[in-house]
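The values are calculated or read from the model by the stated rules, or taken from the named source; none is laboratory data. Everything quoted here is computed from the prediction, not taken from an experiment. We place every Cβ from the backbone using ideal geometry, glycine too, and count neighbours over all the protein chains shown. To get the accessible areas, we keep the full protein, side chains included, count just its heavy atoms, and leave off ligands, DNA and RNA. Shrake-Rupley method; radii C 1.70, N 1.55, O 1.52, S 1.80 Å.
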Amino acid sequence: MTTSHAALSVRGLCKNFGALTVAQSIDLDLQPGARLGLIGPNGAGKTSFVNLLTGMLRADAGTILLNGEEITGLKPEARVHRGLVRTHQINTLLLETSLRENLAIAVAERENFAWRLLRFTPQWRRCLAEGEAQLAAFGIADLAQHRVAELPYGQQRLLEIAIALVLKPRVLLLDEPAAGVPAAEAHAIHAALDKLPAEISILMIEHDMDVVFRFAREIAVLVQGRVLTTGTPQAIAADPQVRAVYLGRSAP
Amino acid sequence: MTVRPDMSAPTLAQLRLGAGRFGWAWHVLPWGVALATYFVAGAYLTLGTAALEMILFTLSIDLALGYAGIVTFGQAAFFGVGAYAAGLLSIHVTPDPILGLLFGTAIAALLGLVTGVLILHTEGVTLMMLTLAIASMIGAFAAQAGDLTGGDNGLQGMQISPLFGVFPFDLWGQTGYLYALGVLFLWFVAAWRIVRSPFGRSLDGIRQSPRRMRAIGTPVWWRLIAVYTLAAAMAGTAGSLKAQTNQFVGLDSLDLLVSGTALVMLILGGTRRLYGAFVGAAFYVVVQDLAAEFDPFRWMFLIGGLLVVMVLFLEGGLMGVADWLHHAAARLWLGTARK
Ligand SMILES: Nc1ncnc2c1ncn2[C@@H]1O[C@H](COP(=O)(O)OP(=O)(O)O)[C@@H](O)[C@H]1O
Ligand SMILES: [Mg+2]
C-alpha cells in the first residue's frame, strides 16, 4: 500500500463563504483511471469543489494530495503543471483566437516555452501541429483556423475539453461538460468523453443522469457541501436517501 | 448535423495587411517613408524626431494595454523617469548618448518592475487608478525635488557627446533623427518578435481571459509583471531619446497628458498591430502641426471628432481602414483577373 497512491486524495476539505458552507469536511479519493461522477442539486458546491481542488479558491481547512504529494498550498498554475486539469461549466476560451492557437497556447504552457524569446518558431509550429492533431481526433480539424467566437456553443464545449487534454492531465475534472449544449449537439461531446484515455483519472460533474450512469463507474453525491454517499451507479440509483434529495425530482 | 461556418470565406487574419506571401513588402512602406523623411524634411526634421519618439512611446502602450490588457494611464511616469535619468547621467556622469539611453531605459524598467509587483494583482478600474496615482506621485516628486530635477525650470545643462564618438548632435537634428529612427527600429523588431512568441501569445490570452490562462497553467501575475517591465523599459527609452535630442527635460514629460495623448494616438492608429502605434503617432504629430498653424481649437475638435468616428465605426483605427482598402483592392484585382 505504501507504493500505490490514489491519483487524487482529499481529506477534510472545508470552505465557507461567510455564513454559506460550500464544503463541509469533504473526503474523497480518485483512483488511477477512475471514472467518478459527482452529482448533487444546484448550489450543492460541486463547482466550488473543483475550484478548491484546482486552487482557484483557497480552502479554509483540509489537505489535497495529488499522486501522494501534497498540493494544498500550491498556486493553480503549479497544480496544472503537476497534472491536475479542469474544464469549466461555462466556456472559458480565447474567443478572438483561432481554435488551433487556443490549443497551441496550452501546449506551449505545458512545455514551458513562454520564456523563449529567441528562435521559438520551430517550437510554436510543433505546438500548432499538436493542436491540430487534437482537433482532428475530435473530428473538427476543418475548423482549426477559425476564431472560437465563430463556432456554435457545442463545438466550443468540445474545444474546452480538447484544451484540457493537450495539457496531458493525470487527473481531469470535468465541470458539466455538456452544460448549455442543445441535445442534438450533445452526442458529439459524449462521444468525446467516451474516448478519453483510460489512464486519466476523471471526476465528472453532470446533471444528465443517463450520461452519468453511462460514464461513471462510481458516483458521489454532494448535498450542501457534504458528501452524502458514494457508491456504484446501481447502488446510488437505488439509494432512497439519494432519490429523496436529488433523483426524486427528475425520476420518471 | 451541426452548423458550420462558411469554409470558403477568408478568415480575418488572411485579410489583414501584411498577411500572405508578399505581405513582407508592406513593411517597406512605413520604414521607407521614415527614412525618406530624413532627406526631405529640412526644417521639419526635429518634428520628425519628436514623432519617432512618440511612436516608440505609443508602442510601449500597445504592448502593455493593447496586447496584455493592462489598463495603464500612467505610462508617462516611465517616459519622464527615463528622460530625467538619461539627462542626469549626462550632467553628472557621462555625456555618452548610448550609455544615457541604456541608463534611462534601465531605470524606467526598474520602476516598472517595482510598481508592477505592487499593483498588477489588481485589475480594471482599480488598476487604472493605481497607475494614475503612481504617475501623479512621481510627477509631484519631480516638481518638489528641485535640486535634482530643476523643478519648474527643467533639467538644464545637458551635454551629449557625439554618437559613437563620431556624429555630433547637430543643430538641425540630423544625427538625432537617424539615432531615434535606429533605436525605434531595434525596439520595433524586438516587439514584433515578442508579440509573436509564445510569451506574446500568452499575453493576448491573458487580456482575453485570465481565468482561461490560469486553467492551462500560466503564471498570469509574472507574465503581466514581465510585459509591464518591458513596456516601462520601452517608454524609458523613448523618454531618454527625447531628453537627448532636446538636451532638456521638463516636468511636462511626466505629465499625465502625455499618457492620454499617446493613448489617443494608439486608438487612432489601431491597437494590437504595432504599426497602429506607428501610423497613429505619426499621423497625430503631423496633423497637429499642420492644424496648429491655422487654429489650435479646431485641431482638438477635429482630433476629438476623428476619435469618436474611429471608436464608433472603425474599430481597427487607421490600420483597420488600411486593411479594408487592401481587401477591397485585392477583390477588385482578383475580379478583373478572372475575366
Ligand atoms: N465566490 C463566491 N462567493 C460567494 N458565494 C459563492 C461563490 N461561488 C459560489 N458561491 C455560492 O456557493 C454555492 C455553491 O455554488 P457552486 O459550487 O457553483 O454549486 P454547484 O456547482 O453545485 O451548482 C452557491 O450558493 C453559490 O451561489
Ligand atoms: Mg456548478
Fill in the blank from the handout: Expressed as a percent, the accessible surface of the protein assembly as shown that is carbon or sulfur, using a 1.4 Å probe and the full set of protein chains, is 64
Practice task
Mind giving me the nanometre distance, one decimal, between the label points for B:MET300 and B:TYR44, set 7 Å out from Cα along Cα→Cβ?
Solution key: 2.4
Handout entry: Karplus (6.51, -1.76, 1.60) ³J(HN,Hα), θ = phi - 60°, over the range B:103-115, in Hz, Gly and Pro reported as x
Key = 5, x, 5, 5, 5, 5, 4, 4, 4, x, 4, 5, 5
Completion exercise
Taking Cα atoms only, helix B:174-196 is inclined relative to the longest principal axis of chain B by an angle, in degrees rounded to 10, of 50
Practice task
Report the relative contact order of the range A:171-252, percent, no decimals, based on alpha-carbon pairs under 8 angstrom and at least 6 residues apart.
Solution key: 23
Exercise for the section: Give, rounded to the nearest 20 debye, the magnitude of the charge dipole that the protein assembly as shown has about its Cα centre when Lys and Arg contribute +1 at Cβ and Asp and Glu contribute -1 at Cβ. Expected result: 1420
Completion exercise
Filtering chain A for DSSP H helices with an axial alpha carbon extent of at least 18 Å and a Kyte-Doolittle mean of at least 0.0 returns A:153-166
Handout entry: Minimum 40 Å² accessible area buried by the other protein chains, the range B:163-199 residues, probe 1.4 Å, relative to alone
Key = B:ARG193, B:PRO198, B:PHE199
Handout entry: Solvent-accessible area of B:VAL286 with every protein chain in place, 1.4 Å probe, in Å² to the nearest 10
Key = 70
Practice task
Name the long-range amide H neighbours of A:LEU8: under 5 Å, sequence gap of 5 or more, or other chain; modelled H, no Pro or chain starts.
Solution key: A:LEU30, A:ASN67
Fill in the blank from the handout: For A:34-46, B:124-136, ranked highest to lowest by mean beta-carbon neighbours within 10 Å, the order is A:34-46, B:124-136
Handout entry: Heavy-atom SASA rank of A:CYS127, A:CYS14 (probe 1.4 Å, accessible area, largest first)
Key = A:CYS14, A:CYS127
Exercise for the section: Distance from a point 7 Å along Cα→Cβ of B:VAL287 to each backbone N in the range B:258-277: keep the residues under 11 Å and list them by number. Expected result: B:265, B:268-269
Problem - Karplus 3J(HN,Hα) series, Hz, for the range A:111-120 with 6.51 cos²θ - 1.76 cosθ + 1.60 (x for Gly, Pro) - result: 8, 6, 7, 5, 8, 7, 9, 10, 6, 9
Problem - Å² of accessible area per residue within the protein assembly as shown, as computed with a 1.4 Å probe and no ligands counted - result: 46
Handout entry: At R0 = 25 Å, FRET efficiency that the Cβ-Cβ distance of A:LEU117 and B:LEU29 yields, to 0.05
Key = 0.40
Handout entry: Acute angle (nearest 10 degrees) that the helix B:220-246 long axis makes with the longest principal axis of chain B, alpha-carbon atoms
Key = 50
Handout entry: Cα centre as origin, Lys/Arg/Asp/Glu Cβ charges: the range B:12-338 dipole, Debye
Key = 1620
Handout entry: Amide H partners (placed H, <5 Å) of A:ALA23, local residues excluded
Key = A:LYS15
Fill in the blank from the handout: Partner shielding of A:94-100, taken as the mean number of other chain Cβ atoms within 10 Å, equals 4
Exercise for the section: May I ask what percent, to the nearest 5, of DSSP beta bridges between residues of chain A are antiparallel? Expected result: 55
Fill in the blank from the handout: Longest chain B segment clear of chymotrypsin sites (Phe, Trp or Tyr not before Pro) sitting in DSSP loops (not H, G, I, E or B) with at most 13 other Cβ atoms within 10 Å runs B:173-339
Practice task
Under 16 Å from a label point 7 Å along Cα→Cβ of B:TRP172: give me every residue in the range B:41-75 with its amide N that close.
Solution key: B:41-49
Exercise for the section: Measure nothing fancy, just the Cα-based angle from helix B:76-92's long axis to the longest principal axis of chain B, in degrees from 0 to 90, nearest 10. Expected result: 40
Practice task
For a quick protection proxy, order the peptides B:144-157, B:104-117 by their average other-Cβ count within 10 Å, most packed first.
Solution key: B:104-117, B:144-157
Exercise for the section: Summarise the partner chain shielding of B:289-295 as one whole number: the mean count of Cβ atoms from other chains within 10 Å of each residue's Cβ. Expected result: 0
Handout entry: Under 5 Å, built H, 5+ apart or other chain: amide partners of A:MET204
Key = A:LEU36, A:GLY37, A:LEU38, A:LEU174
Fill in the blank from the handout: Of B:SER161, A:SER25, B:SER253, ordered by accessible area with the largest first and a 1.4 Å probe, the sequence is A:SER25, B:SER161, B:SER253
Completion exercise
Scalar couplings 3J(HN,Hα) for the range B:24-31 by Karplus 6.51 cos²θ - 1.76 cosθ + 1.60 (θ = phi - 60°), nearest whole Hz, x for Gly and Pro, are 4, 4, 5, 4, 5, 4, x, 6
Practice task
For A:ARG100, tell me the accessible area in Å² from a 1.4 Å probe, rounded to the nearest 10.
Solution key: 50
Problem - Length added when fully stretched, A:ARG126-A:TYR153, from 0.36 nm per residue minus Cα-Cα - result: 7.0 nm
Handout entry: Solvent exposure, largest accessible area first (probe 1.4 Å, DNA, RNA and ligands not counted), of A:ARG119, A:ARG125, B:ARG201
Key = A:ARG119, A:ARG125, B:ARG201
Practice task
Kindly compute the accessible surface that chains B and A hide from a 1.4 Å probe when together, both sides summed, and give it to the nearest 100 Å².
Solution key: 3200
Practice task
Enter the accessible area of A:ARG116 (Å², nearest 10), with the probe set to 1.4 Å and all protein chains included.
Solution key: 110
